[in-house]
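Notes follow once the structure below has been shown.
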Amino acid sequence: MIRPFKAIFKAIGSESVSFLRGLGKMGIFLFDTIVYFFAPPYKHNLIVRQIWFLGNKSLTVIIMTGAFAGMVLSLQLFYTLRKFGAVSLLGPGVALSLIRELGPVFTAIMVTGRGGSALTAEIGIMRISEQIDAIHVMALNPFNYVVLPNFIAAVICLPLLTAIFDVVGIYGGYLVGVKLLGVSSGVYFAQMRQIVGMENINLGIYKSLAFAVIVTWVCCYKGYSVGSDSTGFGARAVSKATTDAVVSSSVLILVGDYIIGSFFI
């Protein structure tokens, strides 16, 4: 009678210890990344390459996502506000929703799906093909070549991509609200200028910076740790690490969005 319960508690304890050990390793990895971030020299050519990869290569999907997010948001808000006779607030509603919430979150998730997964796979392949070990053998720091360029590039690119997402989304909402549904163009933008303040823009910037750290932290760690513990080795381990990186990053982005937003209500 007692043995099955012992096995259950043993399994729960083993999973808990494994989870806490993983959190500790991720925390140490983030600490090392931050330390090396403030310890030049930097590999400028690698940073520029990653800015191109994470920023320019993500531009198309950010513009498309932003445009349709603004259009859908404007469409839904219009019919909601019309019931209360507050259609004049359509512009501020779209702008605040995009700048404070949807812009940073959608941008980070899109970059995670397009760029973060690629980072995890690339670093994971470097790990299983022993390229990272070769960097160690040459008495060089792998963080300066593998992790830090991605970290700096994401911190630069995410706020810029978020700003592009917001602007495109606002004009997407303008297209639906003004051109399709008949809201006054002057009212759309005038109300926006009165209600949307710098504190809202700053909140979007803070969130985009935090999400940049989350995405590069999780994705780089998952790729860097391929082959350790019970993750296995080879192509299947890289595939699992890539999936875990995208899922974990997306969940942490949403959790971080709530935590940061709760301090700026």
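Bear in mind these aren't lab numbers, they're just calculated from the coordinates by the rules spelled out. What you see is a predicted model, and the numbers here were worked out from it, not measured in a lab. Cβ coordinates were reconstructed from backbone atoms using ideal geometry, including for glycine residues, and neighbour counts include every protein chain displayed.
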Enumerate by residue number the GluC sites (Glu not before Pro) in segment 85-161 meeting two conditions: DSSP loop (anything except H, G, I, E, B), and at most 16 other Cβ atoms within 10 Å of the site's Cβ. 130
Projecting each Cα onto the charge dipole of segment 1-144 (Lys/Arg +1, Asp/Glu -1 at the beta carbon, about the Cα centre), which of 22, 59, 46 comes out farthest on the positive side? 22
Rounded to one decimal in nm, the spacing of the 7 Å Cα→Cβ label points at residue 255 and residue 167 is 3.4
Among 11, 95, 235, determine the one that fluctuates most according to a GNM of the chain built with springs between C-alpha atoms less than 10 Å apart. 11
Return the whole-Å distance between the Cα centroid of segment 186-237 and the Cα centroid of segment 120-134. 24
Which label marks the calculated value of Cα Rg over 2.2 N^0.38 Å, given the options (i) 0.93; (ii) 1.20; (iii) 1.00? (ii)
Using the crude model of +1 on Lys and Arg Cβ and -1 on Asp and Glu Cβ, and no other charge, please compute the dipole size for segment 43-262 relative to its Cα centre, in debye to 20. 460
With angles folded into 0 to 90 degrees, how steeply does helix 44-54 sit against the dominant principal axis of the chain? Use alpha carbons for both and round to 10. 60
From the residues 119, 176, 95, which one has its Cα farthest along the dipole of the chain in the positive direction, the dipole being from +1 and -1 charges on Cβ of Lys/Arg and Asp/Glu about the Cα centre? 176
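Only counting other Cβ atoms within 10 Å, I'd like 166, 32 sorted with the fewest neighbours first. List each step's numbers first, then the result.
Numbers: 166 26, 32 14.
Placing the least packed residue first, the sequence is 32, 166.
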Could you work out how far helix 59-82 tilts from the main Cα principal axis of the chain, as a 0 to 90 degree angle to the nearest 10? 50
Taking a ≥ b ≥ c as the square roots of the eigenvalues of the Cα gyration tensor, with a/c under 1.5 meaning rounded and otherwise prolate when a/b exceeds b/c and oblate if not, segment 1-152 is oblate
